[in-house]
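Throughout, read-outs are computed from the coordinates displayed, never taken from laboratory work. All values reported here derive from a predicted model rather than from experimental measurement. Here the Cβ is made from the backbone with ideal geometry for all residues, glycine too, and neighbour counts use every protein chain on show.
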Amino acid sequence: MRVERILDADANRAAEGLRVLEEVARFLGDDRAQAAALKDLRHRLRAAIPASASARRDTPGDVGTAIAAADEARRSDLASIIHANARRAQEALRALEEFAKLAGLDAPAFEAMRYACYTAESDLLGRLPQQRLRAVRLYALIDIALCEDPVAVAAAVARGGAGAVQLRAKRLDPRRYLELAERMQAAVRAAGALFVVNDHVAVAAALGSDGVHIGQDDLPPAHVRRVVGPGCAIGLSVHASEQLAPARSGAVDYIGLGPVFATATKPHEPVRGPTLLRQVAAESLPPSFAIGGITLERLPALLDLLPHGVAVAGDLCRAADPQARAAAYRALLDG
């Protein structure tokens, strides 16, 4: 039966896609439960296909082997790999569901597998820092020069609603930065936020941090990616439109835009004001956070200009109640 050629081909396509997702869960996510679930799904698929189907395989005579999608050879990041292989498995399972009806097989079983694949895709994507950043409106920068207990402040702003927290400690050597970052990362993650290392790419890799933020004079994003791997979000400080190339190419996962107002942390950079925000808002770019001199009192004037969210340092670090201050920012941003 020719339909058995279809069953064999689509079973192979679905199993291949599921195997890639399984490897992501197993080796990149270190997620035993998700890897086991995907492995079980792949085995259930194989068991549902009659052994006779493989005997009908005719690869040399398959007119579709020379047809390839234009983007098949390009994957810009881990999310694109998950998307592509989940889609491959889902479409093949849909075909199996339909042709199973002609072959007298259990079509609802293939439907259930397809829905399980949808769920697996959502779970894998939902754990990527790159995807979680899209939901972040308030990005907190904890500068050790601005607060006495940076770990406590970091935990407080995370509880108050900061979705990402970065440790900025320009005066610390890498060893001391690592020690502080390890404690801060544990506190921030316990509060449900992403933890980002500033400048120290090796520390970010050593800790398995959610992100690393670099400036214009640091290592190029492509070199940073080789160090931190695909599961770490890379952020880049952008001060002018001509510095947006890495964001346009997908080399970085988010950008910091500014300074929007005059700030003591970047006194050498001219104030960009709303001009840069409008330029970024007009393009389809990764998440961006306005930064530089932002306070709760200044925020309302920026709300209509924000492409995504804000990054705040001094106004949170110096607050008498950092958690309440962060919650006030979120109320304005979400409102």
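Over the residues of the chain, the helix contribution to mean residue ellipticity at 222 nm works out to -15500 deg cm²/dmol, using -39500 (n - 2.57) for each DSSP H run of at least 4.
Overall shape: prolate for the stretch 88-181, with the ratio a/c of the largest to smallest alpha carbon gyration tensor axis at 1.5 or above and a/b above b/c. Given that just one value was derived from the coordinates, which of (1) 23.5; (2) 22.1; (3) 20.2 is Kirkwood radius over Cα pairs in Å? Read-out from the structure maps to (2). With contacts taken as Cα pairs under 8 Å at a separation of at least 6 residues, the chain carries a relative contact order of 15 percent.
3J(HN,Hα) along the stretch 90-107: 5, 5, 5, 5, 5, 4, 4, 4, 6, 6, 4, 5, 6, 8, x, 9, 7, 4 Hz, from the Karplus curve 6.51 cos²θ - 1.76 cosθ + 1.60 with θ = phi - 60°, whole Hz, x for Gly and Pro. Positive end of the dipole of the stretch 1-132 (Cβ unit charges, origin at the Cα centre): among Leu28, Val3, Ala14, the Cα lying farthest that way belongs to Leu28.
Residues whose amide H lies under 5 Å from that of Asp143, counting only those 5 or more places away or on a different chain, are Arg168; hydrogens are built 1.01 Å from N in the peptide plane. Here is the list for the stretch 118-201: GluC sites (Glu not before Pro) lying in DSSP coil, each with at most 10 other C-beta atoms within 10 angstrom of its C-beta, are Glu148.
Amide H to amide H distances under 5 Å link Ile255 with Leu236, Ser288, Phe289, where only residues 5 or more positions off or on other chains count and H is placed in the peptide plane. You can think of it this way: the chain between Arg26 and Ala48 has 5.5 nm of extra reach, that is 0.36 nm per residue less the Cα-Cα gap. Applying a 4.7 Å Cβ-Cβ cutoff to the chain, the cysteines left without a disulfide-compatible partner are Cys117, Cys232. Note that the stretch 295-300 has calculated 3J(HN,Hα) couplings of 10, 4, 6, 7, 4, x Hz, one per residue in order, obtained from phi through the Karplus relation 6.51 cos²θ - 1.76 cosθ + 1.60 (θ = phi - 60°); glycine and proline are x. Summarising the amide proton neighbourhood of Asn198: residues at separation of 5 or more, or on other chains, whose placed amide H is nearer than 5 Å comprise Leu167, His213.
Each residue of the stretch 27-42 was assigned a 3J(HN,Hα) from its phi angle through the Karplus curve 6.51 cos²θ - 1.76 cosθ + 1.60 (θ = phi - 60°); the sequence is 9, 9, x, 6, 9, 4, 5, 5, 4, 5, 5, 5, 5, 4, 4, 5 Hz, with glycine and proline shown as x.
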